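Written out below as structure tokens is the structure these notes cover.
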Amino acid sequence: AVGMNAVREVVARVPAILHEDGMDALVQDLAQHQKVKNKSVTVAARGVINLVRELYPQLLQAKDRGKFHDRTAVPLHYGAGVAKESVEGVDLLRLWEAGAIYEDDDGEIRWREDDPEGGEGDDDDDGGGGG
């Protein structure tokens, strides 16, 4: 069981290892241990199966892939990565730096468009404050 857990951790940290020769045989061999009577071995084998099902389900036999697996899932090769176009929330940071967003005395974040004087209350929303 310790060896299976070690294999699972190596695959989790370096998914590109699943592209190596002989990994399909190793994965299928480890998957066969899910029916062993020793509970720790069974749990370790299921852990390997679940990880491979998520990363590269084509290595598993059809019965081990499960009903809801991603047929197109293939781990990236070593050194390959998905580059992001931008960081989530960078637009809010730019607005903060430009002064369009501020923090009031209560610690709440407010937009300058909603509150032009910097005070409390909106002139646009309630419609009941004028002549």
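In the context of the full set of protein chains, residues of region 1-67 present 62 Å² of accessible surface per residue (probe radius 1.4 Å, heavy atoms only). Measuring nothing but protein heavy atoms, the accessible surface of region 6-59 at 1.4 Å probe radius is 51 percent carbon and sulfur. What's the FRET efficiency of D91 with H19 using the Cβ-Cβ distance as r and R₀ = 25 Å, to the nearest 0.05? Plugging the Cβ-Cβ distance into 1/(1 + (r/R0)^6) gives 0.10.
Per-residue SASA remark: V87, around 110 Å² accessible (1.4 Å probe; ligands, DNA and RNA not included). Peptides 52-62, 18-28, ordered by how many other C-beta atoms sit within 10 Å of their residues on average, highest first, read 52-62, 18-28. A straight chain from K63 to E9 at 0.36 nm per residue would run longer than the Cα-Cα distance by 17.1 nm.
The values are calculated or read from the model by the stated rules, or taken from the named source; none is laboratory data. Quick caveat, the model's predicted, so the values are computed rather than measured. Ideal geometry is used to build each Cβ from the backbone, glycine not excepted, and the neighbour counts take in all protein chains shown. Heads up: the accessible areas ignore ligands, DNA and RNA and are worked out on the full protein's heavy atoms, side chains in. Shrake-Rupley method; radii C 1.70, N 1.55, O 1.52, S 1.80 Å.
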